[in-house]
Structure formats: structure tokens, C-alpha cells
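The values are calculated or read from the model by the stated rules, or taken from the named source; none is laboratory data. From a predicted model like this one, the values you see are computed outputs, not experimental measurements. Methodologically, a virtual Cβ is constructed for each residue, glycine included, from the backbone with ideal geometry; neighbour enumeration extends over all protein chains shown. What goes into the accessible areas is simple: the full protein's heavy atoms, side chains included, and nothing from ligands, DNA or RNA. Shrake-Rupley method; radii C 1.70, N 1.55, O 1.52, S 1.80 Å.
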Amino acid sequence: MASVGVGYDLGASTYSPAGRVFQVEYAGKAVDNSGTVIGIRCQDGVVLGVEKLIRNKMLVTNSYRRIFTTSMSSGLAIGGLLPDGRQLVNRARDEASSYKTNFGIAIPGKVLSQRIAMYVHAYTEYWHLRPFGVSSLLGVYDDSDLGAQLYMIEPSGECLRYFGIAVGKGSQQARVQLEKLNFDTITAKEGAIKIAEIIYQLHDEVKDKPFELELSWICDASNKKHQFVPKELLDEAIAAGKKAAEDDDSEDEDDDDDANMNDNQ
Amino acid sequence: MSYKHQPITHTTRPIVTGTSVIAIRTKSFVMMAADTLGSYGSLARFHDIKRIINIGGNTILGAGGEISDFQKVTQYLQGLEEENFCYDDDVSLTAPEIHSYLTRICYNRRSKIDPFYNQFAVGGVIEDGIGNKKEKRTYLGYTDLFGTTFTDNYVATGFGAHFAYPLLRKGYEDLNGADMTVD
């Protein structure tokens, strides 16, 4: 496969004649190869979910984390290179903590997302640094007029606010599914179940390794604190997810049967 | 170089002060009481100040002395708690840890003649052991602006120390090792 960016992709400080910065785009590829991360902004909170692909059977369950708490009322889900993501999480925690020290209140979503975005962007400006291979989904529930907020910060430093967004392997199909949701009425509980359904449906049993579902939320039910969803809800979501995946499979089988019938006639 | 100027001093007298905090400890609980007054010298100026706070869900911290220093200490500790909340590993500051931390801060500040002008009472419930062998025990300690530290069944700060200790000593003596109920 011929490389599109030959000659212009050696450093983040170089533009191509078409105006692209290839290193930043390649960083995006690192995100596209990781497990799906989905976030939904609900009426009463934000829900984040990750399809954690388990590369090694020896891994202790739940020891591998992709969703991190960055302050009392905000959480960051990492899609892409996890070590890069951890660096962002540390930076976000520092920003949140210093904001609290200086201004006395929890860091608002707008400010935290911009701080993370500026940090990510800074690494795209120099030849001697490589961009973060991470797309992070930031969920915040602060006391501002905006209420619950979901932001996505891409490797380029672009940061936008979303009703629902997905990154990673199954992101194309996940985004299609997310567009069908009614964001005016969806609750955090429904959002959690919906994320599980989407992740289970999109997980490719054949191509991908087994996975664990990680679900967290910041909502009224959790007192606006970022926490992993309660075990009962997690179990309910996993059950709903498995059922949705089975329904999906059986639909495919029915289609095959119809095709066969047509052949015979 | 001129040595005629006075040595550098920091604030060594308190302005807005709280006084007594009285705390007792039994086998099953720790109880702490304080008034909500902030005095401005002899003027009873601020009537609704919190002088006992909760840290990490299992510890209470009460202080007498300079209110602004207590508020600063509170901010430090709550910042540490928020850090623990972020790490999300079921680890939280316990009473003996907070007691030790405060003692370190207090002693180091006094060594710079820049004290946190407070007397602290730290109390809480701790769980020892792992898995099935967990045991709960109570803890109550005192630390102050000098960095003096001790733990005991009863602790008091400010004027309370003068009035309450004799009464509390008698009370514990009369109990003779029996446990108390919340009533």
C-alpha cells in the first residue's frame, strides 16, 4: 500500500501540499484500532462505556481500566494508546485540582475540556514531540447552566461538545446507532443500557479478542459524582447487551433462510 | 550586609479564633462537640462557623485557634481526599493518617516560626485487616500548633481543656473500663 503522505509525514511540524498534517492523522489511526468507546449525554447525566479488548487471558479481571476519574464530577474515557491516555488523565487531574485551589469551585466542563484540548494540541506543534494517540471522551456534570456535558478531544486538539459520540473500532456503526436515540428524553440508566447494547452488537466475536465492558456515569443518581455504574445496573446492561447481540445474530440467520428459499424456487 | 533589621517574623498571634472542641472515644464510636463561634478578640463576631469537619467519610476533625488556618488545613485535606477519589482504589485517608499528616505539618511550620495556630482533635473509625478478618476500632488523637501529639480516650482543645479534662477523667474512672452507649 503506497503511503499517502510520503515525504510530508516525518514530523508534526510539516504540512502536506494539500494542507494535511499527516502525523496527527496517523495518531488518529491509533485510536481507530482500539476498542470502541462510547459516550452519551443524557437528560440527567453523562454515561461513558468502553469495550475493553482483553489481549491476555492471564489478565486479572477489572484491573485494566480505561475510564478514569479526573475530579469529583468529571471522568475521562480513553480511546487509543492507553499510556498516552494516562498522561492526559494526570494532566486533567492537575488542572482540576489547581482550578479548585485557585477559584474555590469544581472546574467547569468548558474549562477542563479546553485545558485538555490545548495540552493535546501543544503536542502537535513540534517536530521533536509526537502527538497523543488518544481520543478522550470527557464527561462532566457541573453546576453551570449546561448541566451534563460530553466532550471529545481528538489527537489534533479539536474539542467539541456532543450529545453522543463513539471512537475506536466500531465507531462508524456506533455513531449510526447513536443518531437514532432521542437525546431529549433519554435517562442515564437507559443510556448505560444502550451503550452496552451497542458495544455487544458491534463486537466481532471472530476477529476480536474477548472483551470486558466498563461503564461509568456522572448523574443525579450518583449525586453528580463520577463513579462506575452500580453492579445491578452493570449486570442489567450486560444482559441487555448479550440479548441484543443474540437478536442481531438471529436476524442475520433469518435473512439467510429467506435467501435459501428463493434459491429453491 | 546589614544585620540591623529585625529577624523575619510571620503572624504569631491569632485574629479570629475558635475555642473548645471536646471529644470522647469508646470501643464503638467517637463523639466530638464544639460551638460554632468565631471570636474576634473579646467580640463574639461570627456565629455560624463550622469547627468540626468530616474527611473521607470515616474521620472527623475539630479545631480551636485561628479559624483561617483551620480553613486552610481543611482545604489541604479535602484536596488529598479528592485525589484519593480520583484514583478510585477504595483507599481513603484514615484518622491515624490524618493525625500523622497534621502533626508533620504543624511541627514543620512551628520550626519555621510560622505556625498553623490551632489545636486539633482528630477522631475516627478504622478497619484493620483484610478479607474476612476485618476489625473495626476507634481512634482519637490530638495535635497542636507546636506539633505536640498524643492519642487518648478523651481530648479537648482551648478552654475546654481546662474545664473538661477533670470531668472526663472522673467520668472514665467511674466507668472503669465499661463501654458507653451513644445516649
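Of the residues in region A:33-79, those shielded by at least 10 Å² of accessible area once partner protein chains are present, compared with the chain alone at a 1.4 Å probe, are A:Arg65, A:Thr69, A:Ser71, A:Met72. Looking at region B:116-145, the trypsin sites (Lys or Arg not before Pro) that sit in a DSSP loop and have at most 14 other Cβ atoms within 10 Å of their own Cβ are B:Lys134.
Each Lys and Arg Cβ is given +1 and each Asp and Glu Cβ -1; about its Cα centre, chain A then shows a dipole of about 1980 debye.
The residues of region A:1-114 expose, per residue, 49 Å² of accessible area to a 1.4 Å probe. The largest-to-smallest principal axis extents of the Cα set in region A:1-49 are 48, 22, 15 Å. Positive end of the charge dipole of chain A (Lys, Arg +1 and Asp, Glu -1 on Cβ, about the Cα centre): tell me which of A:Leu129, A:Leu146, A:Ala27 has its Cα farthest that way. So the residue furthest toward the plus end is A:Leu129.
Peptide B:84-90 has a mean of 5 when you count, residue by residue, the C-beta atoms of other protein chains within 10 Å of its C-beta.
Could you calculate, for region B:69-121, the ratio of the Cα radius of gyration to the Kirkwood radius, expressed as Rg to Rh? Numbers along the way, then the final one.
On the way: Rg = 12.3 Å, Rh = 12.0 Å.
Checking Rg against Rh, the ratio lands at 1.02.
Taking 0.36 nm per residue of sequence separation and removing the Cα-Cα distance, the A:Thr14/A:Ser144 pair yields an extension gain of 42.8 nm.
Tell me the total accessible area that B and A bury against each other, 1.4 angstrom probe, in square angstrom rounded to 100. Buried surface at the B/A interface: approximately 700 Å².
Over the protein assembly as shown, dividing the summed -39,500 (n - 2.57) contributions of all DSSP H runs of at least 4 residues by the number of residues returns a 222 nm mean residue ellipticity of -12000 deg cm²/dmol. Specify which residue in the list A:Leu160, A:Thr187, A:Gly170 is farthest towards the positive end of the charge dipole of region A:140-199, using unit charges on the beta carbon of Lys, Arg (+1) and Asp, Glu (-1), about the Cα centre. About the Cα centre, the residue reaching furthest to the positive side is A:Gly170.
With all protein chains in place and a 1.4 Å probe, the accessible surface of chain A carries 49 percent carbon and sulfur.
Remind me, relative contact order of chain B in percent, using alpha carbon pairs under 8 angstrom and six or more residues apart?
Details: 348 pairs, mean separation 46.8, N = 183.
So the answer I get is 26 percent.
Straight-line reach from B:Lys134: which lysines have Cα under 25 Å away, leaving out those fewer than 8 places along the same chain? Those lysines meeting the cut-off are A:Lys231, B:Lys27. Of the Cα atoms belonging to region A:107-265, the radius of gyration and Dmax stand at 19.3, 67 Å.
Think of a 1.4 Å ball rolled over the protein heavy atoms: region B:1-98 then has 61 Å² of accessible area per residue.
Think of chain B as having a plus end and a minus end, set by charges on the Cβ of Lys, Arg, Asp and Glu; of B:His99, B:Ser111, B:Phe85, B:Ser111 sits farthest toward the positive end of this dipole. Percent of Cα pairs in chain A per distance bin of 10 Å, from zero to the largest separation: 7, 29, 32, 20, 9, 2, 1, 0.
For region B:8-72, compute Rh as the Kirkwood radius over C-alpha pairs and then the Stokes-Einstein diffusion coefficient at 37 °C and 0.692 mPa s; write the answer in µm²/s, rounded to an integer. All intermediate terms of the calculation are to be shown ahead of the outcome.
Numbers: Rh = 13.0 Å.
It diffuses with D of about 252 µm²/s by this estimate.
For chain B, find the longest principal axis of its Cα atoms and tell me its angle to the long axis of helix B:67-87, 0 to 90°, nearest 10. Once rounded, the angle reads 50 degrees.
I need the calculated FRET efficiency for the pair A:Ala122 and A:Asp235, taking r as the beta carbon distance and R₀ as 35 Å, to the nearest 0.05.
Working: r = 42 Å, r/R0 = 1.19.
Efficiency at R0 = 35 Å is approximately 0.25.
Each 20 Å bin, from zero up to the one with the longest distance, holds this percent of the alpha carbon pairs of the protein assembly as shown: 21, 40, 29, 9, 1, 0. Computed from Cα positions, the angle between helix B:95-111 and the longest principal axis of chain B comes to roughly 20 degrees.
Per residue of A:104-116, other chain Cβ atoms within 10 Å of the residue Cβ number 0 on average. Under 17 Å of direct C-alpha separation, and excluding same-chain neighbours fewer than eight residues apart, A:Lys100 reaches these lysines: A:Lys110, A:Lys224, A:Lys225, B:Lys72.
In vacuo Debye scattering of region A:134-226, one point per C-alpha: log10 I(q)/I(0) at q = 0.11, 0.12 Å⁻¹? Ignoring solvent entirely, the Cα scatterers give -0.35, -0.42. Pairwise Cα separations in chain B fall into 5 Å bins from 0 onward with the following percentages, short to long: 1, 8, 15, 19, 18, 15, 10, 7, 4, 2, 1, 1, 0, 0.
Quarter the surface of the alpha carbon convex hull of region A:1-149 and you get the mean projected area, 11.7 square nanometres. Dipole magnitude for the protein assembly as shown: computed about the Cα centre from +1 point charges on Lys and Arg Cβ and -1 point charges on Asp and Glu Cβ, it is near 3220 debye.
In summary, the aspartates and glutamates within cross-link reach of A:Lys57, defined as a Cα separation below 18 angstrom excluding same-chain residues under 8 places away, comprise A:Asp204, A:Glu205, A:Asp208, A:Glu212, A:Glu214.
Under 37 °C and 0.692 mPa s, how fast does region B:27-115 diffuse according to Stokes-Einstein, given a Kirkwood radius computed over C-alpha pairs? Answer in µm²/s, whole number. List each step's numbers first, then the result.
On the way: Rh = 14.7 Å.
The diffusion coefficient I find is 224 µm²/s.
Which value, in debye to the nearest 20, describes the size of the charge dipole of region A:1-102 about its Cα centre when Lys and Arg Cβ atoms bear +1, Asp and Glu Cβ atoms bear -1, and nothing else is charged? Working shown, then result.
Numbers: 12 positive and 8 negative charges, 72 e Å.
That gives a dipole near 340 debye.
Along chain A, the longest continuous region that contains none of the GluC sites (Glu not before Pro) in a DSSP loop with at most 15 other C-beta atoms within 10 Å is A:1-124.
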